[in-house]
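Okay, structure first, notes after.
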């Protein structure tokens, strides 16, 4: 059981780290509410895995203290993820990552999203290449991001070239146009 608790704790930490790091390719659920549910589960598993490790370890006190210290930030992450999860369940829309446009091509989807981090942040635009996988998963490859943007559109201007057009965010801004080779 001692080895199992060690492996469980290490596995939980690895999954959390892999979700924090921005890799060029990511795996997410197609249903965005499941992504928040996954984060909620991880935020519960992290302090629990450390606590279970403490039960079968000689350094019980130190690990229990670490479990309690980790529990507070995990709880904050849980509350934020639960709020987003509830909003999606109620509205049916992920307002923090709202899909604006989608263009299918060769079993892939080029999806344009409006990002919104809440009251203290500006909105942004993110373009992703997404491939649908079995079991309700999708493979995501971010292509382009622009912070402080709220209206945009994409279209193919050549077989392998996407054009993104971003409307001005504020009065002094100009239309931003970028061509992206895919």
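The values are calculated or read from the model by the stated rules, or taken from the named source; none is laboratory data. No experiment lies behind these values; they were computed from the predicted model shown. In this analysis, Cβ positions are derived from the backbone assuming ideal geometry, glycine residues included, and neighbour counts consider all displayed protein chains.
Would you check if residue 157 is in contact (Cβ under 8 Å) with a residue 24 or more places away in the chain and within 18 Å of residue 102 (Cα to Cα)? Answer is no for this residue.
Could you figure out which of (1) farther than 20 Å from residue 29 by Cα; (2) over 16 Å from the mean Cα position of the chain (by Cα); (3) modelled with pLDDT under 95 isn't true of residue 155? Status for residue 155: all satisfied but (3).
How about the range 147-166: which of its residues are surrounded by fewer than 17 Cβ atoms within 10 Å (Cβ to Cβ) and in a strand (DSSP E or B)?
First, the residues of the range 147-166 that are surrounded by fewer than 17 Cβ atoms within 10 Å (Cβ to Cβ): 147-148, 151, 153, 155-161, 163, 165.
Of everything in the range 147-166, those that are surrounded by fewer than 17 Cβ atoms within 10 Å (Cβ to Cβ) and in a strand (DSSP E or B) turn out to be 147, 153, 155, 156, 157, 158, 161, 163, 165.
Residue 140 - would you say it is modelled with pLDDT under 90 and either buried (at least 17 other Cβ atoms within 10 Å of the Cβ) or under 27 Å from residue 27 (Cβ atoms) (or both)? Spelling it out, it is not the case that residue 140 is modelled with pLDDT under 90 and either buried (at least 17 other Cβ atoms within 10 Å of the Cβ) or under 27 Å from residue 27 (Cβ atoms) (or both).
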